[in-house]
1. Label Asp98 and Thr276 with points 7 Å out from Cα along Cα→Cβ: what is the distance between them in nm?
2. Taking 41 Å as R0, compute the FRET efficiency from the Cβ-Cβ separation of Asn217 and Val297 and round it to 0.05.
3. As a quick test, which of the pairs Lys107/Lys306; Lys80/Lys306; Lys107/Lys215; Lys107/Lys292; Lys221/Lys296; Lys41/Lys296 have an alpha carbon distance above 29 angstrom in this structure?
4. Could you list His332, His227, His163 so that the one with the fewest beta carbons within 10 Å of its beta carbon is first and the one with the most is last?
5. Taking 0.36 nm per intervening residue step and subtracting the Cα-Cα distance, what contour gain separates Glu343 from Asn153 on full extension?
6. Which residue, Asp273, Asp181, Asp330, tops the fluctuation ranking in a GNM of the chain built on C-alpha contacts under 10 Å?
7. For the peptides 48-61, 138-151, 299-312, what is the packing order when you average, over each peptide's residues, the other Cβ atoms within 10 Å and list the highest mean first?
8. Tell me which trypsin sites (Lys or Arg not before Pro) from segment 92-125 have a DSSP coil assignment and no more than 12 other beta carbons within 10 Å of their own.
Amino acid sequence: MNKNIFGYLLISLFLLVFANSCQKEELVPGIPEGSSAYITKVLDFMPAIGQFTNKLPVYSEGDTQESMNQKVLAAIGNNKRGMISLGGFGGYVVVGFDHTIPNVKGKRDFRVIANAFYSAANPDSNAPEGGSCEPGVIMVAYDANKNGVPDDNEWYEIAGSAHEDPAKELWYQEAVDAGNDVNIYYDYEITYHRPLAEPDSQDQWATYIRWEDNKGNSGYKVKNGLHKQSYYPLWATGDKLTLKGTRLPQNGVDESGAGSYYVLYKFRYGYADNETNSKDESAIDISWAVNKKRQKVNLPGVDFIKIYSGVNQENGWLGECSTEITGIEDLHVLGVSIETRSEQ
Ligand SMILES: [Ca+2]
Ligand SMILES: [Ca+2]
Ligand SMILES: [Ca+2]
């Protein structure tokens, strides 16, 4: 090899390595030094009806909204990786951070850590990925007026894949064939009625908690033999609980045909407790946030995140589809770089 060419290659290699190492050390601007990557405050928590309501976290007599918020923080704040359950449709948690999670252009910005997993033995071997995918809709707020709280007009919703088009979900036809309601409703509202008493015999399980929605549907949230505590949040005031939001298509299908093997299918992207924690599709780009007209808004970052259970469906012995959360990570503080979706 010619000496000059060798020297040239050596210098090029050096420059390449140097440039790469510079890139890795580059810090995301706007994040104060010492910021926590994790949840540092819990502002509100109201699960809907569920098998784990009053259990994750545990309600004890005398607990208030404030003490329940503190229990949630102890469970999922500061990277503790405990678990909370949001119960059925509309149950929610609102959390905050010690800094603004920046919206880095072209990158995903945070990840909601949860317990979604795929089933290992779906009787339908050609089926798309699914198992226990219990999507929660994610809302984000940028504290534009810097008053330290998320004001009503500061909230925007992350438009996940079903927000784009339910028919693009890989399991769409299977859900249609199973008789599921595969529509998405952006103005959904459900009311749950506080039970007068806990059932004292199994005959009353099927008519446990009455509910109705604003689409003309009604029914009962059922009790099962596995969980004995009240499924109605006991610190809530009043005799009913009305919860609102975007209701996602029903993604649960009984693949056995005999009520024994329910598969809750994965939406393509953009929800909590929907994709396994190690996959890129469990991470969210703040640029996916939309306003009430479903137009993209260009937020500089987010200070608060709200997550609510997005599906209203009972899946036989498995019970209701309910979003669980174990934490949230600011990917930029952790130095994790994940490209946004290519078609966005
Ligand atoms: Ca981003
Ligand atoms: Ca504010
Ligand atoms: Ca779950």
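The numbers here are math on the coordinates, done by the rules we state, and not lab data. Just so it is clear, the model here is predicted, and its values are computed rather than measured. Heads up, the Cβs are rebuilt from the backbone with ideal geometry, glycines too, and the neighbour counts pull from every protein chain shown.
1. Each label point is offset 7 Å from its Cα along the Cβ direction, giving 3.3 nm.
2. On the way: r = 31 Å, r/R0 = 0.77.
Working from the Cβ atoms, E equals 0.85.
3. Long pairs (Cα-Cα over 29 Å): Lys107/Lys215; Lys221/Lys296.
4. In order of increasing Cβ crowding within 10 Å: His227, His163, His332.
5. Fully extending the segment from Glu343 to Asn153 adds 65.5 nm.
6. Asp181
7. Values: 48-61: 20.4, 138-151: 16.3, 299-312: 24.0.
Put in order of decreasing packing, that is 299-312, 48-61, 138-151.
8. Here the sparse-neighbourhood loop sites are Lys105.
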